[in-house]
Every structure is written in structure tokens, then in C-alpha cells.
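A short reminder: the numbers here are calculations on the coordinates, not readings from a lab. The shown structure was predicted, so the numbers you read here are calculated from the model rather than taken from an experiment. Every residue, glycine as well, gets a Cβ built from its backbone with ideal geometry; the counts of neighbours run over all protein chains shown.
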Amino acid sequence: MAPRVLVDATAVPADRGGLGRYIDGLLPALSEAGADLGIACQRADADRLSRLAPTATVLPAPSNVNHRPERLAWEQEGLPTLAEQIGADVIHCPFYTMPASSSVPVVVTIHDASVFHNPEFYDDERAEFYRRATRSSLELAARFIVPSRATRDELVRMLDADPAKVDVAYHGIDTAVFHPPTELEAERVVQRLGLHGQAYVGSLGEMSRRKNIPELIRGWVIAASKMSEPPALVLAGSSTADPVILDAVAEVPAGLRLIRPGFLRAADLPGFMGGATVMAFPSRSEGFGFPTLEAMACGAAVLIARALSLPEVGGEAAAYTEPDADCIARNLQRLLEDPERRRSLSEAAHERSKLFSWSSSAQVHLETYARATGAVAPSS
């Protein structure tokens, strides 16, 4: 008999982000697979999650859990109590933290270990939170889910995690949202960005040094400055106050166009990514790489760094670069000047993206829940 699982979705922030995409992809797949689910969530998410996972019991948490201190306090006492009330056999905490005491086993998703191997990318408070949460969960949880072999290996290497307790469940892709765009979808984004037919290099996600945004900007400047018709650089996603990134922005010559549109609508993402000449993600550290996979599903030619999990996502369907500006410039220029290579990468990327499904991810999660409760033996 499958275990009854309580998934704690209360940590999902208002802007959704990577955690939101994980929850929004996983829960419907678990529901479709017949999982016996309870879902704790913020009150604002209750209706949406009820539609996404119609077979689940959706349980709104107290209204103050949208604030981190109150959410973490509720997680310690309210979450285990809720698990007992609904007769859960296992709790799944999908974002690093977990209750220190629970009458049922707890599964924790650890998304990456970058705070340990690249602490310089985090402010002190955030770094301490992730370090403390990860170490505590590694000590207390019954099992762990990670989104890549690279993340598993980093936890084993740096924190002496037991590899027999760590299961790799790759994230999936929502093909209803991420798909090669029509000409109309691509043209709509071009017009909204004010490009008016100008080619562009795109990137999507967090504007941070961990994503290597300063070196991407400088590499693009080097490459574009050598071209008679230079492409724009469009950095979509979160804003930033990081002075290192702002300095790189300020260095862009007047003859080149750098556009920062902020967050794009979900409906515009296929047109944005599939319409780019190249999508570039030269990150220094990744636990998985959602934007890379999403760009591949949209048929983009992607340029990525050989950093941790990214080769697991890109495989042979991506072009690669070292993370410094000169290497980014060389590899970016090669792609920009080689339309046949871009076409080949585009086709290969779209095909490879089909290997990543939420149904496959859900099956790994179900096996993990069963192992946590002792219903099946751990994998060797």
C-alpha cells in the first residue's frame, strides 16, 4: 500500500521562482500517478494547488506563514501536528529545512550545495541559513532528494552525506508552457522588448554573481564589439543591487544595447527563449538549471558552463564555455557566426528536453517516500 504523504508547500515564495516550478511540476505528476497526498500551503495558493493536484487534500496553513520566521516556527510544531491529524506516513519538505522532531519519517529536497563550495555568492545571513538548514536535515531526515548527480556528489564530498540515503530525481519540463515558439510568439516578444528586428543574446533567471552575470556581460561586450551588426543582450528575471553586476552594466559601450526587462510573463517565455539567437547560462554553480532546460525545450541554441549539474542537463545538445569573460566571448562569437551550428543545437536541444519529464521525477519521489517508510528496501 502506498504511503500517505504530506508535502509542505508553504515555502513557495510569491514570485514562484525555482521552488515554485518544482512544486507546480511535481504535485500534478504525483496526483496523476495515484499518490495519496496531503499538501500544506499558503492560503493564497490553496485554490491553484487544488486545481493542479485534484486528487490531493489541500490544507491551508495559518495566514502568517508567508513570512519566513513564522513559517519556520510553524514547520517545527504545526507541520508534524498536521501530519498526525491526516494520518500521514511520511512528510516531504521540499526546501532544505525540516522539523527537528516528527513522529513520521521526513524526506527533504536539497537543491544544491553551492553555499558550501561558493560561499562568496551569498550574503552572510543567507549563507548561514542554508548551511545550518542543510546540515540539520542531513542529520535528521530519513532520506534526501536532489535534482542532479552533481548535487549528490557535492553533499557526499563536502558534508559526508550517506550516498545510500540520497536519491536523484531530475526535474521535468512543462511542454504546455515551454515549446518552440510560433513566428507570432517570437515577434510579439521582440516588439515588447523594443528590439524591432535586432538579433539578441538572452539569459533568464537570477541576476547574481552565482549565475556569472558580470562575466556574461563582459563576454558579450567583447564578442559583440567585433561584429558589424552586434546583437543586443537581454537579461530577463530578477533585478539586482549587486555593485559588481552594476559595474559590469555601466561598462557597456554606448554602441551596444543591454536590456533588462525584469520578469517576463509566462506566455512570453517561449518567444523570448526560442526567438533568441543564443541563450547563455555560464553559471558558476547550479544544482540543476531550470532555465537551461526551459530554453532547450523552446528550441534555443544554448551556451552553458561546464559547472556541476549543467552538463547533465545539456549533454551533447549544448555548446560549452569556461566561465571567464574571454572564453565566453570566444564561444559566443563562434555561435553567433555559425547559423548551421545553431540550427543543429536547436534541434538537438528540443529533442533532449523530452528526456526530462515530471512523471519520471514523480516516480523517483514515490520510491523515495516508500523507502523512507521502510515499505521497500533502499537502492544499492
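Largest mean-square fluctuation among ALA44, ALA254, ALA223, in a Gaussian network model of the chain whose springs join Cα atoms under 10 Å apart, belongs to ALA254.
For the listed peptides 295-305, 97-107, a ranking on the average number of other beta carbons within 10 Å per residue, highest first, reads 295-305, 97-107.
If you run the Gaussian network model on the chain, springs between alpha carbon atoms under 10 Å, then out of ARG352, ARG334, ARG126 the most flexible one is ARG126. The magnitude of the dipole of the chain, with charges of +1 and -1 set on the Cβ of Lys/Arg and Asp/Glu and taken from the Cα centre, is near 280 debye.
List the trypsin sites (Lys or Arg not before Pro) in the range 252-299 that DSSP assigns to loop (not H, G, I, E or B) and whose Cβ has at most 12 other Cβ atoms within 10 Å. Which are they?
Numbers: sites: ARG257, ARG265, ARG284; in loops: ARG257, ARG265, ARG284.
Sparse-neighbourhood loop trypsin sites (Lys or Arg not before Pro): ARG265.
Based on the alpha-carbon gyration tensor of the range 183-353 and its eigenvalue square roots a ≥ b ≥ c, which shape applies: rounded if a/c is under 1.5, prolate if not and a/b is larger than b/c, or oblate?
Working: a/c = 1.23, a/b = 1.08, b/c = 1.14.
Rounded is the answer for the range 183-353, as its axis ratio a/c remains below 1.5.
Cross-link partners for LYS354 among the lysines, with Cα-Cα distance under 25 Å and sequence neighbours closer than 8 places in the same chain left out: LYS211.
Using a simple spin-label model with pseudo-atoms 7 Å out from Cα toward Cβ, GLN198 and PHE263 lie 2.6 nm apart. Put a dot 7 Å past the Cα of GLU84, heading toward its Cβ, do the same for THR55, and the two dots end up 2.9 nm apart. Here the Gaussian network model covers the chain, with springs between Cα atoms less than 10 Å apart; of PRO261, PRO180, PRO69, PRO69 fluctuates the most. In this label model, ASP162 and ARG16 are separated by 3.8 nm, measuring between points 7 Å along each Cα→Cβ vector.
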